[in-house]
Amino acid sequence: MWMENGLLLGATLSQLRRKDGEAPPKTIVRPVHLKDGLHYQFEAHYPGKVLHRNLQGHAASKHLEELLDGEYRQALLKTPEADVQLLFSKKGKAAMRKTAATAKKTAGPQSHNRQKRRVLEEGTPVPFLVELGIMTRDGRVHAKKTDKFRQINRFLEMVQDVLEHLPQDREITIVDFGCGKSYLTFALYYYLMVQEERSINVVGLDLKADVIDFCSGLARRLGYDKLTFLVGDIADYEGVQSADMVVTLHACDTATDAALAKAVDWGASVILSVPCCQHELFRQVNSEVLAPILSQGLLKERFAALATDAVRGQLLEALGYKVQMLEFVDPEHTPKNLLIRAVAGRNKELSQQKWEQYQSFKTFLNISPELERALGHRFA
């Protein structure tokens, strides 16, 4: 009835009752305006893909009832008057709880072309976000944490894009170097383990013992038993023999190169890296042609940082990775806003073209990058 009257502001259905069924692990429902009027969009989240289906009136209401009747254990329905949470037992018996509406009463159908879809949505409480002080217990994002919430979603969107490159038939091993307070480590775990229901094992590594103690305690409280935090140095870590995904966010200077080298040697299918404090090439770069840039300290610093990441991308491509340089967050929030996303290709042989391009670039700038030395055995 809510849908036929246009009163449903949104719904999130999760936690499948049967893993052998055809329903997606998660379905998000939202009103959208199309040319022929109000529709409800059913966004089905499957491992590695998201499908959309737009239905009107009675058809939309019937489809939602079918999903609630036999597919999911949990549902959150939003109306102008109240948020209704439904919890279903294994036998299908429903328990209902109403709370004050978290959406404004003026909220309504969004433009189909302008709607912003997030992996984690405000209004749906996420335990780790509550514990880390980003969300309230009823799912509202604290005003001062809006940028962090946006950053987490941006990161998960980048992960979502490469899900198909991760193993589908076995446990996924993920190593996060320099995890810090681990907002994104917890987000990655929640997204893959809870939302996508993938089998994963995540290790977070950092040099700060107090930070690791905090993260370990939080993981225990949340019951994240496949998430481990360790004190250690990137270059010295030997805790795994192989990894499917390596994440390195804001590892300083050549620590990023150590993490990238580890990822390549482990045969990682996916690498996500946000470099920080690229000092190495600033001390090396020298070119008369580039004197107008290199004679100015600020310009030289920015150029050296770009050159450092260009080197990293080129060397990864020479080794068969497909590399994208992506904007991680808006530049106004942090100058360290570039993310290197690398996905392993099928061809494992050294690309002579990419290697020769790198050699020319290296000679022109008179540089000797750390990543080439760390991976020297692969270029011999």
CD proxy at 222 nm, helix term only [per DSSP H run n ≥ 4: -39500 (n - 2.57); per residue of the chain; nearest 500]: -9000 deg cm²/dmol
Pairwise FRET efficiency - LEU207 versus ARG378, Cβ, R0 = 25 Å, nearest 0.05: 0.40
Degrees, to the nearest 10: 352-365 long Cα axis against longest axis of the chain: 60
Ascending count of other beta-carbon atoms within 10 Å, so fewest first, for PHE88, PHE361: PHE361, PHE88
Cβ-Cβ FRET estimate between ASN286 and GLN357, R0 fixed at 30 Å, reported to 0.05: 0.90
Dimensionless Rg over Rh [the chain; C-alpha; Kirkwood]: 1.03
Listed peptides 10-18, 273-281, 257-265, 228-236 by packing density, highest first (mean Cβ within 10 Å): 257-265, 273-281, 10-18, 228-236
Helix 146-160 vs. the chain, principal-axis angle (Cα, 0 to 90°, nearest 10): 80
Cα-Cα over 20 Å, subset of LYS322/LYS354; LYS78/LYS98; LYS208/LYS300; LYS26/LYS49: LYS208/LYS300
The stretch 173-206 and the stretch 234-278: distance between their alpha carbon centers, rounded to Å: 14
FRET E, pair HIS52, LEU306, Förster distance 35 Å, beta-carbon r, rounded to 0.05: 0.40
Helix 209-222 vs. the chain, principal-axis angle (Cα, 0 to 90°, nearest 10): 20
Simple spin-label estimate for HIS33 and ARG346 in nanometres, 7 Å along Cα-Cβ: 4.6
Antiparallel DSSP beta bridges within the chain, percent to nearest 5: 70
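Based on other C-beta atoms within 10 Å, arrange ILE367, ILE152 from fewest to most.
On the way: ILE367 20, ILE152 26.
Fewest-to-most Cβ neighbours within 10 Å comes out as ILE367, ILE152.
Can you give the extra length, in nm with one decimal, that the chain gains between GLU157 and GLU238 once fully stretched, where that is 0.36 nm per residue apart less the Cα-Cα distance? Intermediate results must be reported in sequence, preceding the final value.
Values: separation 81, 0.36 × 81 = 29.16 nm, distance 2.95 nm.
Additional length available on full extension: 26.2 nm.
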Residue-wise HN-Hα coupling along the stretch 168-173, computed from phi with Karplus coefficients 6.51, -1.76, 1.60 (Hz; x: Gly, Pro): 9, 10, 7, 5, 9, 9
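A short reminder: the numbers here are calculations on the coordinates, not readings from a lab. Because the structure is a prediction, the values reported are computed rather than measured. All Cβ positions, even for glycine, are placed from backbone atoms using ideal geometry, and neighbour counts span all protein chains on display.
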